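Enquirer: Handing you a structure now.
Where a number appears in this text, it was derived from the coordinates with a stated rule and is not lab data. These figures come from a predicted structure and were not determined experimentally. All Cβ positions, even for glycine, are placed from backbone atoms using ideal geometry, and neighbour counts span all protein chains on display.
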Amino acid sequence: FTRKNTLKEIMTDPRIAPYADRFIVGLDLKQAPFYGSTIEEISRQRIFHGYSLLNGFNRLLEAAEEGDFTYPLYTEEEIKADPRKEEAYFMYFPSMDPDADERPFLVCVPGGGNTQIWNISEGFPIANHYNQLGYHVVVLNYRVGGKKLYPAPLADMAQLLRYIEAHKAELHLNAGHYFIAGFSAGGYLVDSWCTDNHGYPAYGLPAPIINISVYGFVSWRGVRTGHDVGGWSMTTHGLSLEEAAESDWNVEDHISSFPPTYILHGDNDHACDFINSRILADALQNAGIPYEFEIGHGMDHGFGEALFSELRGWIERSVAFLNKIEGVAERK
């Protein structure tokens, strides 16, 4: 695909049309005002970064032409008992780097307010970028929507790692050798996955080598006046904001099990207040847990790869952080 293709042309291309409803799970892009616009026009309107879209769409096309790249997380019996489990699956994007099998793989978790999943900007392009750096990537599409969603997304993360452990030879992945990156609501998922009460220790699963939190939500207690989160606490936990603030779902209270963490956030974020990442960074610092915190000055929500911005190159820097942490672990 090129910058002259419209979104409609890409979504209706028979090679990837079967996956068009995954561009943004839970949102019908055919109704979007930019459905008939070219990728170049969409980029100029600052709706999305055009190069990110093209990189992601072309990686999706490559995966689709190579065969089935989607793996359901649950068995038919499990789905029959709980039909919503059918929503949970992962898409596998292997790297062509022959050394990738020996490296940790990335679990990429796009956001979407726990009602949608934005693979279009936080899944496909991110997978493509890490692939080019020599890392296999799985993009987790977890259950979304409804009231009191959690802990279902965490159960989906756990099931993902169990599935990979059971199929690691086939997939060339090692479930105990992984790192995670989450965006927005996906950031809340990966940050919660690292907690000592609701995360990987509760599921008896290995810790990620590093956690990457990209404009992630962290603290119900930290919600500031003027930064309305609407009914998100009800959607996520079935609690009022006041109840959520007093609950055990504030990430910063449960970080004894946190791995080293790479944090990114724009300080002009209108969707997920920048204070969340500041709270996380402060908690990690107080606990003596290694972290890096990159601030996008003047940047808003949803920057994804962050092309054409102050944070451009953050994916390469996150890999450098990963390598540093792995090097420290190997020397111990």
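Enquirer: How far apart, in nanometres, would the label points at GLU78 and ALA17 be if each is projected 7 angstrom from Cα along the Cα-to-Cβ direction?
Expert: 3.3
Enquirer: I would also like to ask the following. Counting alpha carbon pairs within less than 8 Å and at least 6 residues apart, what relative contact order, in whole percent, applies to region 34-143? Could you put the intermediate results ahead of the total?
Expert: Details: 166 pairs, mean separation 33.9, N = 110.
Reported relative contact order: 31 percent.
Enquirer: Right, something else. What value, in deg cm²/dmol to 500, does the helix sum -39500 (n - 2.57) over DSSP H runs of n ≥ 4 give at 222 nm once divided by the residues of the chain? Don't jump to the answer; show the numbers that get you there.
Expert: On the way: 13 runs with 118 residues, N = 332.
Theoretical 222 nm ellipticity from helices: -10000 deg cm²/dmol.
Enquirer: Shifting gears a bit: Answer with a single label: of (i) 35, 25, 20; (ii) 27, 23, 21; (iii) 41, 32, 23, which was calculated as semi-axes √(5λ) of the Cα gyration tensor in Å from the structure in view?
Expert: Entry (ii).
Enquirer: May I ask you to order 270-276, 67-73, 36-42 by the average number of other C-beta atoms within 10 Å around their residues, highest value first? If you can, show how the numbers build up before the last one.
Expert: Working: 270-276: 20.4, 67-73: 14.6, 36-42: 17.7.
The densest-packed peptide leads the list: 270-276, 36-42, 67-73.
Enquirer: Next question. Over the alpha-carbon set of region 245-332, divide Rg by the Kirkwood Rh and report the Rg/Rh ratio to two decimals.
Expert: Working: Rg = 14.4 Å, Rh = 14.3 Å.
That ratio equals 1.00.
Enquirer: Please give the peptides 194-200, 297-303, 14-20 ranked by average Cβ packing (other Cβ atoms within 10 Å per residue), highest first, as a rough proxy for protection. All intermediate terms of the calculation are to be shown ahead of the outcome.
Expert: On the way: 194-200: 20.4, 297-303: 16.9, 14-20: 13.7.
Highest mean packing first, the order is 194-200, 297-303, 14-20.
Enquirer: Calculate one ³J(HN,Hα) per residue across region 55-69 by plugging θ = phi - 60° into the Karplus curve 6.51 cos²θ - 1.76 cosθ + 1.60, and present them in order as whole Hz with x for glycine and proline.
Expert: Per residue, the Karplus-derived 3J(HN,Hα) values read 4, x, 5, 5, 5, 4, 4, 4, 5, 5, 6, 7, x, 5, 10 Hz.
Enquirer: Can I ask one more? How high is the relative contact order of region 7-331, in percent, with contacts defined as C-alpha pairs under 8 Å that are six or more residues apart?
Expert: Details: 624 pairs, mean separation 45.3, N = 325.
This gives 14 percent for region 7-331.
Enquirer: Follow-up. Whole number please: convex hull volume per residue, Cα atoms of region 1-59, in Å³.
Expert: Details: hull volume 4.4 nm³, N = 59.
Taking only Cα atoms, region 1-59 has a hull volume of 75 Å³ per residue.
Enquirer: Shifting gears a bit: Taking only the C-alpha atoms, wrap a convex hull around region 1-142 and report its volume per residue in Å³ as a whole number. Spell out each step's value before the answer.
Expert: Values: hull volume 17.1 nm³, N = 142.
Taking the convex hull of the Cα positions in region 1-142, it is 121 Å³ per residue.
Enquirer: Moving on. Strictly over 23 Å apart at the Cα level, which of LYS8/LYS80; LYS80/LYS147; LYS85/LYS148; LYS30/LYS148 would you flag in this model? Before the final figure, lay out each step's value.
Expert: Working: LYS8/LYS80 35 Å; LYS80/LYS147 21 Å; LYS85/LYS148 15 Å; LYS30/LYS148 29 Å.
In this structure, LYS8/LYS80; LYS30/LYS148 exceed 23 Å between Cα atoms.
Enquirer: Using only Cα atoms, locate the centre of region 41-76 and the centre of region 240-282, then give the distance between them in Å, rounded to an integer.
Expert: 29
Enquirer: Which net charge results for the neighbourhood of TYR74, defined as the other residues with beta-carbon distances under 12 angstrom from its beta-carbon, given Lys and Arg at +1 and Asp and Glu at -1? Before the final figure, lay out the partial values.
Expert: Values: positive: LYS80, ARG84, LYS85, ARG143, ARG162; negative: GLU76, GLU77, GLU78, ASP82, GLU86, GLU87, ASP156.
Local net charge: -2.
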